[in-house]
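Trainee: Attaching a single structure in structure tokens format; questions to follow.
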Amino acid sequence: MTLTLFVPPVSCLTFMEPQTNERQRDLDLLSSRRREVSLPHRAHCESATRQPKSLFNRILLGYNDTITFENKTICLVGRYPYWTEFRRFLTHLHLLSGSTSDIPIERNISHLLLAVPIPKPGGQCVLVPFSTMNEPMALSTPPLKDLPLVDLTYERLFAALDVPTVVTVVLGFLCLEKKVRSRSASNLEL
């Protein structure tokens, strides 16, 4: 008996956004509550208030309008492996969120999920135009007789692995005399 595990493709886009005053008040309230129950947090806050501020800190914090940025991430969990195109869609959503568009972002998401058809294997490419980008999103599926579609660049693959691991994998294939077939983004076989 074999167990097959399905891991859905997930595309993420991380960006920085200015922190709002309301969010800063919420964080300050959480910090004050944490000081009551966490001794390390209380000690850290007390030592931070006792330390003399250097000239550098006074110059940077001398303004009333300091802007703090926080990381935000939006993710799209799909059923089909269109990582690159889903990431472009997330970039489109992020650009729309900063614009003054009459169409709500939710409408764009529902359009992708409900109105855009999934291309048939070996069929025509489905193009989805973006108002914020020059090139449309192109969804295509290879024929059933071809190798499965994996829409990842080599850059991401090798960024996730360190050099000894890559060398070990390549040498392992060579020692086992296995055939490795790889295609680049320009569809040239290696």
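Trainee: Could you look through the stretch 108-131, keep only residues that are surrounded by 12 or more Cβ atoms within 10 Å (Cβ to Cβ) and among the small types (Gly, Ala, Ser), and pick out the one that is farthest from residue 142 (Cα to Cα)?
Mentor: Filtering first and then ranking leaves 123.
Trainee: Looking at this structure, is residue 181 more than 27 Å from residue 91 (Cβ to Cβ), basic (Lys, Arg) and at pLDDT below 80?
Mentor: Answer is yes for this residue.
Trainee: Let me ask another. If we scan the stretch 149-163, do we find a residue that is modelled with pLDDT of 80 or more, within 26 Å of the chain's Cα centre (by Cα) and over 25 Å from residue 9 (Cβ atoms)?
Mentor: yes
The values are calculated or read from the model by the stated rules, or taken from the named source; none is laboratory data. Given the structure is predicted, the values throughout are model-derived calculations rather than measurements. Counting neighbours? That spans all protein chains shown, and the Cβs are built from the backbone with ideal geometry, glycine included.
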